[in-house]
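Read the structure below first, then the notes.
The values are calculated or read from the model by the stated rules, or taken from the named source; none is laboratory data. Just so we're clear, the structure is a prediction, and the values are computed from it rather than from any experiment. Cβ placement follows ideal geometry from the backbone for every residue including glycine, while neighbour counts extend to all protein chains displayed.
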């Protein structure tokens, strides 16, 4: 019995140390946001791919708070790419995206933190958004969001809940940019 307890302890320790990786959920735009964008009468724009070298922005995984559990970017690239693809998808759904537009949006993911929490999960995201018109910078601002959801100390509940809430946090970050009154003034037809 003494040896069985030791074996179970070491097996548990190995599992805890090794952690696990979960693939994140792809972004799906919120239709309320899309409809509001459609009604905003904005010019079409494009999202420029950013080859920013920040280790955090380019990270393909995010630690999920306690332990060594990780979330992988569902796009195979970085979470910087997640931001770019999500912004592009929202603009596409709102019929505001055009590859030939002279208005370019450039983003840099600055903060990308998730915490599964014991009872409340949190996401803290921040990014820099720039607007270029005919290659001239006309807007440059950082945005940050804090998002919370009900979580659990049980990893089998907390991790799926965290995965489901990351796209919601990303939606909040994108909307904070797109619905900024200064941005709407710049992009209005």
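So here's what we get for this one:
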| item | result |
| --- | --- |
| Residue count, region 132-189 (criterion: under 28 Å from residue 22 (Cβ atoms), modelled with pLDDT of 95 or more and assigned to a strand (DSSP E or B)) | 6 |
| Of residues in region 55-107 being within 24 Å of residue 158 (Cα to Cα), touching a helix residue (DSSP H, G or I) at 6+ places or on another chain (Cβ under 7 Å) and part of a loop (DSSP other than H, G, I, E, B), the one modelled with the lowest pLDDT | 67 |
